[in-house]
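Student: Quick one: the structure is below, questions incoming.
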Amino acid sequence: MSTTMTLTTTESPETGPAPRPVHRVTGLGVLRSEWAKLWSLRSTWITLGLGLVFLVAVGVIAAMQYSSQFDSGNPMEDDFADSTAVSLALFGTMFAQLALGVLGVLITAGEYSTGMIRSTLAAVPRRLPVLWAKSAVFGLVALVVGMVGAFGTFLLASGIVDGTDAAMGLSDTGVVRSLLGAGLYLCLIGVIGAALGSLMRSVAGGISVLVATLMLVPGLMTLLPNAWEENLTPYLPSSAGESMFALTHDSTTLSPTAGLLVFLGWTLLALGGAAYRMVRRDV
């Protein structure tokens, strides 16, 4: 009785194992991967929600406070003396920037904390596309949140202060430019946060540098001689960013275009530092 043997493997004595299919790493593929990772994190939904709430709630509260003081007939407080519907609506930007900046740190530094960055860079050996994709994806999300929050809050605030000295509409000079500037500012804050997270490779370290840059350093500038303070302060990230969405400007502040260029310079500096460390240092 004879037995017939059938070769079921893909290997033959002449050719050896069949070659595995080659999967190309494309920029679109990296973007899709980072998009999926971003929305798979619970912290993304929570922090984006907080950023939007800060922007809207603080702006509405500021508008209500202004309207209350205006209706009372009493002298206006110094903080509200020269307020407009735009400045009131964007009063919460300083709080929203922290939420978006911190989330930017988390999406990059978080991978180093968990060790997931090893798998990411094994799939994308060239490394830098990972940084560009993370920054682009989160920058886009932060831009949408910032734009929706800025325009939505302005519509609410302008309705609250209607009939007061602060009343303004979208058709008034500089309003749309200011609201677009606020959205773009929050977008770039998110990108800077992502860059700092990759640069520091530590959630605590990245958040510390972010908070110090936006809040601590401007306060320390008051310790410098007056001439130095006046010449340096407009070029700080926080001051340059604020000039992007401020409705009015004077000799001590940058113009919106100059503020944008300076803030873009700070953003590129953070990204450059992150790129250098990602290429030069092992994970």
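Student: Which FRET efficiency value, to the nearest 0.05, do you get for residue 282 and residue 28 by plugging their Cβ-Cβ distance into 1/(1 + (r/R0)^6) with R0 = 30 Å?
Tutor: Between residue 282 and residue 28 the formula returns 0.65.
Student: Can you tell me the accessible area per residue over the chain, all protein chains present, probe 1.4 angstrom, in square angstrom? Before the final figure, lay out the partial values.
Tutor: On the way: 15640 Å² over 283 residues.
Per-residue accessible area for the chain comes out at 55 Å².
Student: Along the charge dipole of the stretch 27-280, Cβ charges K/R +1 and D/E -1, which of 29, 104, 137 sits furthest on the positive end?
Tutor: 29
Student: Mind running the shape call on the stretch 91-229? Use the C-alpha gyration tensor, a ≥ b ≥ c as the square roots of the eigenvalues: rounded below 1.5 for a/c, prolate if a/b tops b/c, oblate otherwise.
Tutor: Values: a/c = 2.92, a/b = 1.60, b/c = 1.82.
Note, shape of the stretch 91-229 comes out oblate.
Student: Could you tell me which helices of the chain pass both thresholds, a Cα extent of 18 Å or more along their own axis and a mean Kyte-Doolittle hydropathy of at least -0.5, with helices taken as whole DSSP H runs? Spell out each step's value before the answer.
Tutor: Values: long enough: 27-40 (20 Å, 0.09); 42-72 (44 Å, 1.00); 93-114 (30 Å, 1.17); 128-160 (47 Å, 1.85); 175-200 (37 Å, 1.87); 256-280 (36 Å, 1.09).
Length and hydropathy pass: 27-40, 42-72, 93-114, 128-160, 175-200, 256-280.
Student: Note the listed values [x] 310; [y] 231; [z] 188, then indicate which one is volume of the Cα convex hull per residue in Å³ calculated from this particular structure.
Tutor: The value computed from this structure is option [z].
Student: For a quick check, take a GNM of the chain with Cα springs below 10 Å and name the residue from 213, 93, 108 with the largest mean-square fluctuation.
Tutor: Of 213, 93, 108, the Gaussian network model singles out 213 as fluctuating most.
Student: A further question on this structure: Where the only charges are on Cβ atoms (+1 Lys, Arg; -1 Asp, Glu), what is the dipole of the chain about its Cα centre, to the nearest 20 debye?
Tutor: The dipole of the chain has a size of about 1820 debye.
Student: Which percent of the accessible area of the chain is formed by carbon and sulfur heavy atoms (probe 1.4 angstrom)?
Tutor: Carbon and sulfur atoms account for 64 percent of the accessible area of the chain.
The values are calculated or read from the model by the stated rules, or taken from the named source; none is laboratory data. Everything numeric in this text was worked out from a predicted model, so none of it was measured. Here Cβ is always computed from backbone atoms with ideal geometry, including for glycine, and neighbour counts include all displayed protein chains. Ligands, DNA and RNA are stripped out before the accessible areas are found, and what is left, the full protein with its side chains, is counted by its heavy atoms. Shrake-Rupley method; radii C 1.70, N 1.55, O 1.52, S 1.80 Å.
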